[in-house]
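Each reported figure results from applying straightforward, stated rules to the coordinates on display, with no laboratory input. All of these numbers come straight from a predicted model, not from anything done at the bench. Note that we place each Cβ from the backbone using ideal geometry, even for glycine, and neighbour counts take in every protein chain shown.
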Amino acid sequence: MAVSKPNYLMPIISKMYCSSSQVVLVVRRRPQVVGGGGFVVMNCSQRVVFQVDGCGILGKKGELILRDSDGDAILLIRQLKGGLVQALSIHKKWKGYYDYRGFQKSVFSVKEPNQNSCFPTSNSVKISAEPNYVGQSSDWNFEVKGYFPDKNCSIVDSLGNIIAQIGVKEEIEKAMTSKDVYHVIVQPGIDQAFVFGVIAVLDYIYHESTRC
């Protein structure tokens, strides 16, 4: 599959997490000293760019934290609980909050797939940026195409442009039975913190490194 290259700047969290060129980052699951330990994200120089703390570190289910290379919190990501609307919904939802100088601002939401549905359109993960982009006709801005547990999927915008692609290098796939190491290609202008906030939620949904 060819990777599309949207020609716009998309600072959903902050423009400081956007690059003018394509970026390839490597995700490595933390050693299973404790369940729900999360994962780290490294660049081509093996330097940590982001890290995600799961419930094994935080001690709370349904809550994740995306941190920068210094260990400072960027995003607090929570599964929504309670309320009549959420109780009646067949889709569980998550919200990402940008932590800036102690102020938490809602920046995106993720709608989990309906695992019991027979319809493919109901099984995709939908992501909405907050506030919604001007000109968007749908109630979502991005969608996950493919199957995350196989590490063969993409995050696409509402026009079908691929903004990030998740995969495993062939030599690594042959050497490992589990996909504890995989790469993410992020397109120019795309907010990398946003991308890995979404990936953190996918990791939790599919019972991987962030889940106890």
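In nm, what is the difference between 0.36 nm times the number of residues separating Met16 and Ser158 and their Cα-Cα distance? Show your work: numbers first, answer last.
Values: separation 142, 0.36 × 142 = 51.12 nm, distance 2.37 nm.
Computed gain between Met16 and Ser158 is 48.8 nm.
Please give the length that would be gained between Cys212 and Gln46 if that part of the chain were fully extended, namely 0.36 nm times their separation in residues minus their C-alpha to C-alpha distance (nm, one decimal).
Numbers: separation 166, 0.36 × 166 = 59.76 nm, distance 2.69 nm.
Computed gain between Cys212 and Gln46 is 57.1 nm.
Roughly speaking, what is the centre-to-centre gap between the range 38-69 and the range 9-25 when only Cα atoms are used, to the nearest Å?
Here the two parts' Cα centres lie 18 Å apart.
With each label point set 7 Å from Cα along the Cα-Cβ vector, what nm distance links Lys169 and Arg78?
4.0
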